[in-house]
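Have a look at the structure below before the remarks.
The values are calculated or read from the model by the stated rules, or taken from the named source; none is laboratory data. Keep in mind the model is a prediction, meaning the values are calculated, not measured. Every residue, glycine as well, gets a Cβ built from its backbone with ideal geometry; the counts of neighbours run over all protein chains shown. Ligands, DNA and RNA are excluded from the accessible area calculation, which covers all protein heavy atoms including side chains. Shrake-Rupley method; radii C 1.70, N 1.55, O 1.52, S 1.80 Å.
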Amino acid sequence: MEIFPVLLKGINVTLIVLVLSAILAYLIAFIAGFGRLSNVWIIRKFTGFYIEIFRGTSLIVQLFWFFYAIPMLFNVNLGNELMAGVLAISLNYGAYMSEIVRGSIIAVDKGQTEAAIALNMTRFQRMRYVILPQAVRMMLPEFGNYLIQILKATSLVSLIGMTDILYHGNILRSTNLAMAPTIYLLILVFYFILALPLIFLTRKMESISKKGVAQS
Amino acid sequence: MSVTKEVSKIKQTPQSDKIKQKPIVMYEDVHKSFGDVEVLKGINLQIKPGEKLALIGPSGSGKTTIIRMLMTLEEPTEGNIIVGDNNLWKVKKDGEFKRANEKHLRKVRGEIGMVFQHFNLFPHMTILQNCMTGPVQVKKESKASARERSIQMLEKVGLGDKLDNYPNQLSGGQKQRVAMARALVMRPRIMLFDEVTSALDPELVGEVLEVIRDIAQDGEMAMVLVTHEMDFAQEIADRIVFLEDGVIAEEGTPTEVLEQSTNERLQSFLHRFRSSNGN
Ligand SMILES: Nc1ncnc2c1ncn2[C@@H]1O[C@H](COP(=O)(O)OP(=O)(O)O)[C@@H](O)[C@H]1O
Ligand SMILES: [Mg+2]
């Protein structure tokens, strides 16, 4: 049976999209999370606007926007489908995760900031040495969950012609419809196997985070 | 309550010497409101260098707010707080007083340290790191020197064997002693204590008071203690201030305030207080 090697060809595309999207999504999550907490009104509003737009519309439509609409409308070249795919996924998940960043920072006990002020730390030092290390521990489990979701979302890039696992599966099915159940079963297995280490990682992050923030 | 405690042993400089010195902190007609509620209604208070001041009064009378304003954790709604030669919350610019910015606050609050009721240790740092972070990050002291001084300070508060423990591995009394060491390594000229024993189990109060007594004996640092430990206040304070409903209702030496005052509100506070504490 030749299904397996064909699907395997798609794995590297899936992984590349996953890794790039995840890195960019975390980066965006921090930038937008801090943006929401900014003292500057316009930055707060702007990031709030971005977050609502990306959470309020569907990822698949965003993907088509980046791939088809934006290049035509604004005559900008987003490079290739990889660029469009990664941008759409990371901006979408970055918007969701920015709320985790913001929520975790706010959730750190106010007494921590007060103790840091009493030591006369600067704003930056308070964030860097006191608040963030505790906030990041709270973020970890949620970040892990979102990593698994990003993996699942990568399959959407097959719709803009990227040759990921699902794309190869679809091609196979179009040439041999009778094999459809086997093909899609195998695809499920593929994604699940890819998700396994991420599930494990999430568990690990949960246990780290439980150890980290016992009350002072 | 034992009336004639030998107070003088503790106090290094007699009261008369301190009175001559220029105050290190001055509250001038300070008001504070939260929303529509005015919780401090014109506080005038001076603290001399090295003075030990106890702040007593019923819960909700504004004691915590008074010291939080000095630590720059709350901003007064009216009035001035002068620290040394600086107006804490205001800067003079083009002949006008403007609200102080973070830079100004940082300059002035370097003189001040605080110990909190709920310790507020940094849970992600070891005991030693809790103490070192101030000197290293804020004072730019070398790690070696900060480490050495932190260890000394932790030994002084009796925790030399806990350096690499995390706060959640300590008892409440130990945590509060770490918090004091952390504040002390910054060498403040004024140290604020906000009911530092009231979150502790009764059997752990003694060890914390012992450390404060020890610090008080060192002398040169001014201390403001918000406390419900009347005997302790009487023992180490040069002066006691009784706060009631946002105003200073009585003020004087421990003997004057705790024994000779005829202020009725103070009498009833002390009476309620002593009867509820069974002494
Ligand atoms: N951040 C705040 N917001 C609103 N009210 C406050 C705040 N902090 C203190 N208060 C109120 O101010 C009054 C004085 O509080 P506080 O200074 O903590 O008194 P004390 O320390 O003497 O018990 C209380 O009525 C309290 O409820
Ligand atoms: Mg209080």
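A few notes on this one:
- Within chain B, the selection of entire DSSP H helices by a Cα span of 24 Å or greater along the long axis and an average Kyte-Doolittle value of at least -0.5 returns B:202-218.
- Under the simplified labelling scheme, the A:V76-A:A107 pair shows an inter-label distance of 3.4 nm, with each label point 7 Å from Cα along Cα→Cβ.
- For segment A:13-161, projected area of the alpha-carbon convex hull averaged over all directions, nm²: 9.7
- Listed values for segment A:135-151 are Karplus-derived 3J(HN,Hα) couplings in whole Hz (6.51 cos²θ - 1.76 cosθ + 1.60, θ = phi - 60°), namely 5, 4, 4, 6, 6, 3, x, 5, 4, x, 4, 5, 4, 5, 5, 5, 4, and x replaces Gly and Pro.
- Candidates per GluC sites (Glu not before Pro) in segment B:207-279, loop by DSSP, up to 13 other Cβ within 10 Å: B:E220
- For the pair B:Q267 and B:N44, the difference between a 0.36 nm per residue extended length and the Cα-Cα distance amounts to 78.1 nm.
- Where labels lie 7 Å past Cα in the beta-carbon direction, separation of B:L163 and A:L8 in nm: 5.6
- Along its first, second and third principal axes, ordered by size, segment B:130-170 spans 28, 19, 13 Å in Cα coordinates.
- Acute angle (nearest 10 degrees) that the helix A:165-175 long axis makes with the longest principal axis of chain A, alpha-carbon atoms: 20
- Intensity falloff of segment B:11-133 expressed as log10 I(q)/I(0), Debye formula with alpha-carbon point scatterers, at q = 0.15 Å⁻¹: -0.85
- Cα centroid of segment A:32-50 to Cα centroid of segment B:193-240, whole Å: 45
- A simple spin-label model places pseudo-atoms 7 Å from Cα toward Cβ; at A:I60 and B:E251 they are separated by 7.4 nm.
- In the complete set of protein chains, residue-level accessible area for A:V86 is approximately 10 Å², probe 1.4 angstrom.
- Alpha-carbon spread of the protein assembly as shown, three principal axes, descending order, Å: 102, 54, 45
- Solvent-accessible heavy-atom area per residue, rounded to whole Å², over segment A:11-151 at 1.4 Å: 48
- P(r) weight above 28 Å for segment B:3-276, C-alpha pairs, percent: 37
- Net charge over other residues, Cβ less than 11 angstrom from the Cβ of B:G57 (K, R count +1; D, E count -1): -1
- Among the listed pairs B:K32/B:K98; A:K110/B:K32; B:K98/B:K140; B:K52/B:K92; B:K41/B:K63, those beyond 22 Å (Cα-Cα): B:K98/B:K140; B:K52/B:K92
- Euclidean distance between Cα centres, segment A:90-126 to segment A:128-152, Å: 13
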